[in-house]
Amino acid sequence: MIIDTHLHPTNLVDEAWRHTGTPFTGERMLKLMDGPYMINGKPRRIDMGFIQPPPGNTGYRDGNRKGREGIRDYMAYIAELCQNYPDRFIGNFNYNPRWGPENGAAELEFHVKEYGFKMLKLHANMHGYRPDRALEWLRPAMKKCAELGVVVLIHTGDGPYTIPTMFYPIIREFPMVNFIIGHFGIQTGGNYSFESFWMAMDTPNVYCESGWCFQSRIVEFAQQLPKNKIVFGTDSPPNDPGMWLRELEVLCKDPPHGINLSEDDLEGYLGNNIAKLVGIDPSPPPRDLKDAQARLTDSYAGVDRATGKHLLQPA
């Protein structure tokens, strides 16, 4: 399977990205995921994706409920999509400590137990806090992540609050929690990809998300990083998934554009690495064109066609 760690469907206009003034709904997201996208000559789709609401919409607005009720309202559409499309979408809880750290931790636990969420998102720029100083704001949620086995995805790449090393204090305090550096340290205001690379090299519980990284740097980093340290993520919309899939596919080519990566190792980057982190059974790449086409026609992306086992069950 191909699993995207970073998707933002919404039933409201995203106040940060806009999307031409039309909500990018779950159904539009599924159409985008379905592709098909050609990878090593085989048609593929993004089988599953971790979904979260746009972080730009997380601030309090007049008329909105506050506290846990406000958080639940904000997460409601994502919870609905996870219920409606359990074989395609996995919940990612967008944690804003300004709604109350304990409230957020309690709602994280609720969404994990009620809807099967497996990831938590931190976006210190959108929510306005220094992660290296606001440890008391982060600890309640991190304790729940450690207790429940939730992976943490961190927005990084722009100042003032999302420079990757600013998260080192909380990462070191919770070595039992797996952290993914979103955007490989690259965003609107900076390029911290080398910083992200060395954090993943030196810290067992740190991984890097491929999307937004420069293709030539991905080639360079993949030569040195352990094979399990890169996961696929697109930040779609506004990004098109195909360009980030191509960025990883090219690793299977000859140098200097690739590193002669095997298709099995490519499948790790595309989905198996994140699958193992959240308890989903890994899967092999398509054997040939016929196998790839058969997978595209399978209406149950989250079910192993050979065994019938639901892949979201613990491995």
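When only the Cβ of Lys, Arg, Asp and Glu is charged (+1, +1, -1, -1), the dipole of the stretch 152-271 relative to its Cα centre reaches about 220 debye.
Which parts of the stretch 129-143 would a label at MET176 reach, counting a residue when its backbone N lies under 13 Å from a point 7 Å out along Cα-to-Cβ? So the set is 142-143. With the charge dipole of the chain set up from +1 on Lys and Arg Cβ and -1 on Asp and Glu Cβ about the Cα centre, the Cα lying farthest toward the positive end among the listed residues LEU108, ASN272, PHE232 is that of LEU108.
Rounded to the nearest 20, the Cβ-based charge dipole of the stretch 84-235 about its Cα centre (Lys and Arg +1, Asp and Glu -1) stands at 80 debye. Rounded to the nearest 10 degrees, the angle from helix 215-224 to the longest Cα principal axis of the chain is 80 degrees.
Between 0 and 90 degrees, the angle of helix 135-148 with respect to the longest Cα principal axis of the chain falls at about 50 degrees. Length available on full extension from ASN64 to MET201: 0.36 nm per residue minus the Cα-Cα distance, which gives 45.0 nm.
In the full protein context, the chain carries 41 Å² of accessible surface per residue, based on a 1.4 Å probe and ignoring ligands, DNA and RNA. Modelled spin-label separation between ALA16 and PHE194, with each label point placed 7 Å from Cα along the Cα-to-Cβ direction: 2.7 nm. Using the Cβ-Cβ distance between LYS31 and ASN260 with R0 = 35 Å, the FRET efficiency computed as 1/(1 + (r/R0)^6) comes to roughly 0.55.
Seen through its C-alpha gyration tensor, with square-root eigenvalues sorted a ≥ b ≥ c, the stretch 125-236 comes out oblate because a/c lies at 1.5 or above while a/b is not bigger than b/c.
Partner lysines whose Cα lies under 17 Å from the Cα of LYS276, excluding those fewer than 8 positions away in the same chain, are identified as LYS118, LYS227, LYS229, LYS309. Only the Cβ atoms of Lys and Arg (+1) and of Asp and Glu (-1) were treated as charged; on that basis the dipole of the stretch 1-145 about its Cα centre amounts to roughly 280 debye. Helical content alone sets the calculated 222 nm signal of the chain at -10500 deg cm²/dmol, taking -39,500 (n - 2.57) per DSSP H segment of four or more residues and averaging over every residue. What a 1.4 Å probe finds exposed on the chain is 51% carbon and sulfur by accessible area, rounded to a whole percent.
The values are calculated or read from the model by the stated rules, or taken from the named source; none is laboratory data. The structure presented is a predicted model; accordingly, all values stated were derived computationally and were not measured. Here the Cβ is made from the backbone with ideal geometry for all residues, glycine too, and neighbour counts use every protein chain on show. Note: accessible area is taken over every heavy atom of the protein model, side chains too, but ligands, DNA and RNA are not part of it. Shrake-Rupley method; radii C 1.70, N 1.55, O 1.52, S 1.80 Å.
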